[in-house]
1. So which residues in region A:174-223 are under 11 Å from A:Ile137 (Cα atoms) and of a type in the set (Gly, Ala, Ser)?
2. For region A:311-321, state whether one or more residues are surrounded by fewer than 22 Cβ atoms within 10 Å (Cβ to Cβ), without any contact (Cβ under 8 Å) to a residue 12 or more places away in the chain and not acidic (Asp, Glu).
3. In region A:166-192, what residues are within 17 Å of A:Ala237 (Cα to Cα) and surrounded by fewer than 20 Cβ atoms within 10 Å (Cβ to Cβ)?
4. Could you list, in sequence order, the residues of region B:30-62 that are assigned to a loop (DSSP other than H, G, I, E, B), within 10 Å of another protein chain (Cβ to nearest Cβ) and either touching a strand residue (DSSP E or B) at 6+ places or on another chain (Cβ under 8 Å) or surrounded by 17 or more Cβ atoms within 10 Å (Cβ to Cβ) (or both)?
5. Which one of these does A:Ser50 not meet: (1) touching a residue at least 12 places away in the same chain (Cβ under 8 Å); (2) polar (S, T, N, Q); (3) over 21 Å from B:Met1 (Cβ atoms)?
6. Please state which of the following conditions A:Val69 fails to meet, knowing it meets all the rest: (1) within 14 Å of chain B (Cβ to nearest Cβ); (2) assigned to a loop (DSSP other than H, G, I, E, B).
7. Which numbered condition in (1) under 17 Å from A:Ser142 (Cβ atoms); (2) among the hydrophobic types (A, V, I, L, M, F, W, C); (3) surrounded by 24 or more Cβ atoms within 10 Å (Cβ to Cβ) is the only one that A:Val93 fails?
8. Can you name the number of the only condition in (1) buried (at least 20 other Cβ atoms within 10 Å of the Cβ); (2) free of Cβ contacts under 8 Å to residues at least 60 places away in the same chain; (3) within 19 Å of A:Leu301 (Cβ to Cβ) that A:Ala86 fails?
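The values are calculated or read from the model by the stated rules, or taken from the named source; none is laboratory data. These numbers come from a predicted model, not from an experiment. When we count neighbours, we look across all protein chains shown, and the Cβ atoms used for this are built from the backbone with ideal geometry, even at glycine.
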Number of protein chains: 2
Amino acid sequence: MRIVQLEEIMPLVSLPNSIDAVREALIAFSGGLIDQPSPMQMLFTKDDGSFFGDCHVKSAQQQGHPYFVIKIAAGFYQNAEIGLPANNGLLLVMSSQTGSPVALLQDEGWLTQIRTAAAGALAAGLKPVGQDACLGIIGTGSQAYWQAALISHHLGLTKVVVYGRHYAASLELCERLNKELGLTAAAMTTAYDVCQVSNILVTVTPSTEPLINLSDLPDELHIVAVGADSPGKNEIAPEIMKHADVIVTDNHDQCLAHGDFGVAVRAGMVAEDAAISLPDLLAGKHSAVDFSRAKLTVVDLTGMGAQDLAIASVVVDGLKL
Amino acid sequence: MRIVQLEEIMPLVSLPNSIDAVREALIAFSGGLIDQPSPMQMLFTKDDGSFFGDCHVKSAQQQGHPYFVIKIAAGFYQNAEIGLPANNGLLLVMSSQTGSPVALLQDEGWLTQIRTAAAGALAAGLKPVGQDACLGIIGTGSQAYWQAALISHHLGLTKVVVYGRHYAASLELCERLNKELGLTAAAMTTAYDVCQVSNILVTVTPSTEPLINLSDLPDELHIVAVGADSPGKNEIAPEIMKHADVIVTDNHDQCLAHGDFGVAVRAGMVAEDAAISLPDLLAGKHSAVDFSRAKLTVVDLTGMGAQDLAIASVVVDGLKL
């Protein structure tokens, strides 16, 4: 088994390649070519019952593909207090012919960041916006950075506004987006302000309470909800889903169990069959749905094994194993 | 992350230690101290739909334990044709405090063999037998070897009889058991013969059709069914469960979904609540159940993440990480 460190992985993955690979994988999923078991989830709580970390295992296999993948991603949100990154993980590539481990991508969770943001870019791209459109980001962690990077790249946007719980962290993220990506990024002091000036809004926090309420929203907004990927998490108030013209999920069952969509369904705000599928949209199966005319649209992303297979394939192709 | 090869792992694991560790983990599970998500399962089929491999992912976390584990085990049953072992896999040890990978045990599936056989030994040990009792094994793969090794060690048995589809493979296994473990092992040409002379019978095949029927059984037999761990697998005819005085499962829900117990329930032969729990038995919670008086008893094992945590802890303790 080849053991591949992050330094070796990073140069093999470009933003456009990762978006293309994830798009193709989601289209293959829509076509029934990818099998992915239900994700495995572990939650870590303190003695007082309070939540401090989680670990997700996702996997996928594709008909005719030489490899299948098992991806482990951990988020331990108090790691910053001891100087460690919150996110960690690795990706295991196995042979579909023999079951032998082929490569261990010790990516420290970086590939999960990229493939998640690649799906975010594809989800954001459902809404036709001009290049002067503003991208709002709720959250200031690594995924906030990568969503800004991939969405702005994919849609040719340059304006970003950020809100996070800690204003200093918002400022810091904006500085990185300015310096490293040449974006015009500004920190704001309320989620309301970010919503009001944005055309596309991405939420990327581990919040367990809604951060965005219906009263925060402008007349027209395309929301991509990324943070909620466990039953206890929730970023988008359930009534937002009720008022949405279109609701999209990356994976219906996962979003029902783990995402903001499920919170809204359990709150009785929307029906279980109220959402359409992002993979189906990308595969051109919902041509009647017109995002340009819709006012409020929400995409709920929980992350799919198919994305892990896609991004691992980019790396494995680059390694020429 | 420490990467540990099989050669380094093997000397750290003794048979008694592995049985003790698995017993303690199952008792902890019975006490509600171990959480293990539902296993993840991938099946691999050829273009004609025929099954040739599977991969299981299991995980477990224990209250107060410094590590949690994610275990990957693959079984690709045609690998022998190209000179590769059927079983492969690895075990990932992660920090319960930070979510960081701590060690990758590149055990090639060996630890899964040992922890599975350790549970087999504990399951076999439910039945009080004398040291002249005969252990019957149906199957000739690695797990057949390890079940023979751990059960004979644990119960002080010396007589083993073996039946497999290929007589040559049965002979080869017996030779290994004789030479390497000093057991008196004999190959037989029918499953019926093995059943008739055995006091304890262990089934360890990937069969999808029953290998043991009610008419094969002697008056008294304690069966440990290990092979069936996917919905399509089945070694023990459903009517055997119907006639059993006691049915035990390692994990009720898993055995219902993946084991011989589930096959019997779906065939209408036994009720869903007909089985008692191996972890509860080991924890002394079923003291009224008397295996010495029972004639026909069946233990259905599907393998638990708790066992992987137990065996990984033996290795990690030995590594002094």
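1. Across region A:174-223, the qualifying residues are A:Ala185, A:Ala186, A:Ala187, A:Ala191, A:Ser198.
2. Within region A:311-321, one or more residues are surrounded by fewer than 22 Cβ atoms within 10 Å (Cβ to Cβ), without any contact (Cβ under 8 Å) to a residue 12 or more places away in the chain and not acidic (Asp, Glu).
3. Correct list: A:Thr190, A:Tyr192.
4. Those that are assigned to a loop (DSSP other than H, G, I, E, B), within 10 Å of another protein chain (Cβ to nearest Cβ) and either touching a strand residue (DSSP E or B) at 6+ places or on another chain (Cβ under 8 Å) or surrounded by 17 or more Cβ atoms within 10 Å (Cβ to Cβ) (or both): B:Gln36, B:Pro37, B:Ser38, B:Pro39.
5. The one condition A:Ser50 does not meet is (1).
6. Only one criterion in (1) within 14 Å of chain B (Cβ to nearest Cβ); (2) assigned to a loop (DSSP other than H, G, I, E, B) is unmet by A:Val69, namely (2).
7. Here A:Val93 meets the rest and fails (1).
8. The one condition A:Ala86 does not meet is (1).
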